[in-house]
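The values are calculated or read from the model by the stated rules, or taken from the named source; none is laboratory data. Worth saying up front: this structure is predicted, and the values here are computed from it rather than measured. Quick reminder, even Gly has a Cβ in these numbers, built from the backbone with ideal geometry, and neighbours come from all protein chains shown.
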């Protein structure tokens, strides 16, 4: 007995040492240790009296604990091994009656306890393992979809990745993301739906209330059919609606085909709610990024493109025109319009800067209404504006410039006292390639044409081809005029500083 116990302890220590070293021998070492433990304990139970001995109870309790604590597969193996050991030691310790092996009640009770209690524990382990795998799969899906939508900086990409990730990761039949568009909702993205994208849906009742209350809503097939609002998009199927943003709604559905359950489980609702939280953050970041990007290229007062954006777009259009020239593709033109508000400084001095800001906004509004959708209207600086006209010839540029001039002159400006104020603009045009092919050349020619319009009386349109004087002469005359004005200003300032003449005649000192 002592030798058997010593050998068992030595073998157990050796197998545990092998398991601690790791590697491919870990599983084998553990099973070798378990088998030796069972054999040794079975032998000790047999020596001390078999199934009627004092150790069988401890052996059964230990086997039950091992079967419950082990995984499902290992638990079943251990219970089967323990059953074989109990039967073997019971046969070894009892005699045969009438040529048959007598199985005593103690061994039968031990085997029954093993399979009833240990089997229940093993089934519980199976359920826990499946639940753990499901939760891990859901967390992996949430993580992957979150990474996809966080990598996107546009709302369209976020909406598309979200719908695709929900359908593929959670095994739904269809998903759609809806955004408020006036009194109705517009389909911003969809995956697996029957309706087309950009369709408009009139949502009322429970769904609208859920969206306002920011609560998830599970709707059965019967309720969805009676409502009928989402049938054109999802068909007659139940769905789950989750608010995804301040003005958005994520809707998923599953109809139970393809071997999948049609009902939505509570854990799926919780998982989608967690995913919706990450989606809200991604949507807020995308909208903030879009807002900051728009602010970086937009003039805050007028809402037009700012000077930097205008220069970038003009450089792009000039580069495109030069590529056409390299390919010898004739018939491509680019026109640039510069316009300046006439007597804007006097208007500011008379009515104040707030009225001047209102005029700038009004001119910008008139400019937006007069140009085409693909033209680029910008605030060049101060009271000057610029318009880039891609693929526009000289004649077409003249028509657009004249339309802008008339639109501004007819715009209803009003002063602080409510009186109508008339505002006019002077316009200059340059066209590539006739007047140059670089941004600097086009701006220079359009600016010279603008000054020519001012010289000719303002409130008129001048193309660079209209002026009889070369641009260099115009610029020279402008510089001369500025120097003359500066000289006159200095003369007036000197006259103000000179002492006033006395009305009394000077007394002449007589010579000595």
Next on the checklist: Looking at the stretch 259-277, I want the residues that are closer than 21 Å to residue 143 by Cβ and not assigned by TED's automatic domain parsing to the domain that holds residue 173 and have a partner that is surrounded by 14 or more Cβ atoms within 10 Å (Cβ to Cβ) and at pLDDT 80 or above with Cβ atoms under 8 Å, at least 6 apart or on another chain. Which pairs are those?
Outcome noted: none
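With respect to residue 356, determine if the residue is touching a helix residue (DSSP H, G or I) at 6+ places or on another chain (Cβ under 6 Å) and outside any loop (DSSP other than H, G, I, E, B).
The answer is yes for residue 356.
This table checks each residue for (1) modelled with pLDDT of 90 or more; (2) at positive phi; (3) in contact with a helix residue (DSSP H, G or I) (Cβ under 6 Å, 6 or more places away or on another chain); (4) part of a helix (DSSP H, G or I).
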| position | (1), (2), (3), (4) |
| --- | --- |
| 328 | no, yes, no, no |
| 332 | no, no, yes, no |
| 335 | yes, no, yes, no |
| 364 | yes, no, no, yes |
| 396 | yes, no, no, yes |
| 401 | yes, no, no, yes |
Item to check | Yes/no for residue 314 being in contact with a helix residue (DSSP H, G or I) (Cβ under 8 Å, 6 or more places away or on another chain), at pLDDT 90 or above, loosely packed, with under 14 Cβ neighbours inside 10 Å and not assigned by TED's automatic domain parsing to the domain that holds residue 216 | outcome: no
Checklist entry - surrounded by 14 or more Cβ atoms within 10 Å (Cβ to Cβ) and farther than 28 Å from residue 315 by Cα: does that describe residue 380? => result no
